[in-house]
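Notes for the one structure printed next.
The values are calculated or read from the model by the stated rules, or taken from the named source; none is laboratory data. In this text, all values refer to a predicted model and were calculated from it rather than measured experimentally. Positions of Cβ are backbone-derived with ideal geometry, glycine not excepted, and every protein chain shown enters the neighbour counts. Note: accessible area is taken over every heavy atom of the protein model, side chains too, but ligands, DNA and RNA are not part of it. Shrake-Rupley method; radii C 1.70, N 1.55, O 1.52, S 1.80 Å.
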Amino acid sequence: MNARNALLALLALPLVFSTSAASAQEKIKVGYWTSGFSVGFGAVLEAGKFLEQAGLAPEYVKFSDVNGPTKALITQSIDLAFAAPTSGAFTLAIQGAPVQIVLATQIAEATFVAKDGSPVKTFADLKGKKVGMSPVGSATYAIVASVLERNHGLKPADYTPVGGNEGQLVRLLERGDVDAASLRAVTITSVPELKLQVLGRLVDEWKTMTKADALPILAVTLVHSSFAKDHPDALVKAVRAIMAATQFGRDHSDQAAEMLGKTANLDAKDATSYARLWNEIYIATMEPSDVATFKTMARIFKDVGTIEGDVPDSLFVTAPYERAKRQP
């Protein structure tokens with residue numbers, strides 16, 4: 001059986017299950033942002049029916065605002081967000097919101113670039129300039145602001161942050177409406193006609209700042225505490241499904257690219273480029289090292305003013321992940 005037929009056979013399994021045992025499937029409302037890295041993972045999660053295979057009946061709720069899923073969790077319009085901004089989760093916990101981080105799901109991968117020939121050649125040159133990046137309130141913004149201040153002495157008042165999604169940032173850079181931008185690798189590979197010069201890479205800057213090899217965590221699986229309490233088994237199933245989808249993208253980049261092309265509206269070239277970068281973007285863990293990274297990030301974000309207050313340890317919940325790991 002070739003890989004494609006194997007995948008089709010695999011995807012057929014939940015259909016049989018849902019027909020024979022639909023009543024056993026627990027409902028879950030899952031929200032995500034329809035831009036950035038969230039949309040790519042969401043495309044594979046949906047097309048691969050990973051939540052259904054885990055025994056759940058998902059309803060996907062999509063948001064055009066990066067902070068939409070976290071806001072929806074508070075009103076319980078959704079039960080779980082698989083790619084909530086880490087900084088947003090911190091802020092909610094500081095405010096006493098009933099939420100829990102149960103997985104680290106995305107790495108903060110990005111590259112600082114300017115147009116080829118631009119006078120902006122180093123981070124020091126960003127002073128007084130317009131810098132394109134993810135919107136204020138996003139985890140990327142918090143991480144970028146942290147490394148610019150701690151590594152290069154640039155406070156937010158020293159430059160003008162211009163928020164936007166990846167497509168908007170490319171257009172702003174092309175038109176000269178921003179002097180530099182923080183762009184993801186998949187975006188850069190999709191616009192080879194745009195000649196760029198690299199100022200630095202976010203992961204490298206983070207490692208320099210923290211003097212450690214741990215990677216910055218861009219996004220998390222965030223769940224409402226009521227759902228976690230009332231549906232513990234469903235939460236473990238959801239965690240297992242996210243872990244399975246992450247592993248699938250790692251092991252089957254061709255099939256993931258096909259799903260991205262159909263569901264995320266990417267052409268074949270962009271979908272392939274995206275899928276090949278899967279390992280640099282997506283994770284699905286909640287190990288003690290991840291919790292330690294979260295705590296480091298919280299301290300740094302507080303120090304530079306992107307969050308206000310101390311993040312309670314109760315935000316970090318490892319039990320669903322530990323249960324998911326033990327189950328076959």
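Select from Pro135, Ile101, Ala157 the residue farthest towards the positive end of the dipole of the range 55-157; place +1 on Cβ of Lys and Arg, -1 on Cβ of Asp and Glu, and compute about the Cα centre.
Checked the options; the winner is Ala157.
Would you pull out the residues with amide H under 5 Å of Tyr159's amide H, same chain only if 5 or more places away, H placed 1.01 Å from N?
Gly128
Is there a pair in Lys71/Lys269; Lys130/Lys195; Lys115/Lys262; Lys121/Lys207 whose C-alpha atoms are over 24 Å apart, and which pairs would that be?
Lys71/Lys269; Lys115/Lys262
Among Ser289, Ser77, Ser38, whose mean-square fluctuation peaks in a Gaussian network model of the chain (Cα, cutoff 10 Å)?
So, out of Ser289, Ser77, Ser38, the one fluctuating most is Ser289.
Using θ = phi - 60° and the Karplus curve 6.51 cos²θ - 1.76 cosθ + 1.60, what whole-Hz ³J(HN,Hα) does each residue of the range 103-120 get, with Gly and Pro shown as x?
After applying 6.51 cos²θ - 1.76 cosθ + 1.60, I find 7, 8, 10, 9, 8, 7, 9, 6, 10, 7, 9, 9, 5, 4, x, 5, x, 7 Hz.
Could you work out the relative contact order of the range 51-147, using alpha carbon pairs under 8 angstrom and six or more residues apart, expressed as a whole percent?
25 percent
Assuming 1.567 mPa s and 4 °C, estimate D for the range 250-313 with Stokes-Einstein, Rh taken as the Kirkwood radius over Cα pairs, in µm²/s.
Value of D from the Cα-based Kirkwood radius: 90 µm²/s.
Pick out, in residue order, every one of the trypsin sites (Lys or Arg not before Pro) in the range 28-98 that is DSSP loop and has at most 12 other C-beta atoms within 10 Å; say none if there are none.
Passing both the DSSP loop test and the Cβ count: no residue.
Please list Thr105, Thr285 in order of solvent-accessible area, largest first, computed with a 1.4 Å probe with all protein chains present.
Putting Thr105, Thr285 in descending order of accessible area: Thr285, Thr105.
Sort His231, His224 by heavy-atom solvent-accessible area, probe 1.4 angstrom, most to least.
Greatest to least solvent exposure: His231, His224.
State the Cα centre-to-centre distance between the range 205-270 and the range 25-63 in whole Å.
10 Å
If you put +1 on each Lys and Arg Cβ and -1 on each Asp and Glu Cβ, how big is the dipole of the chain around its Cα centre, in Debye rounded to 20?
For the chain, the charge dipole is close to 100 debye.
Assigning unit charges at the beta carbon (Lys, Arg +1; Asp, Glu -1) and nothing else, what dipole magnitude in debye, to the nearest 20, does the range 182-328 show about its Cα centre?
With Lys and Arg at +1 and Asp and Glu at -1, about 160 debye.
List the aspartates and glutamates whose Cα sits under 20 Å from the Cα of Lys229, skipping any in the same chain fewer than 8 residues away.
List returned: Glu26, Glu59, Asp79, Asp313, Glu322.
Given H placed on each backbone N at 1.01 Å, which residues far from Gln106 in sequence or on other chains put an amide H within less than 5 Å of it?
Result for Gln106 returns Leu218, Ala219, Ile283.
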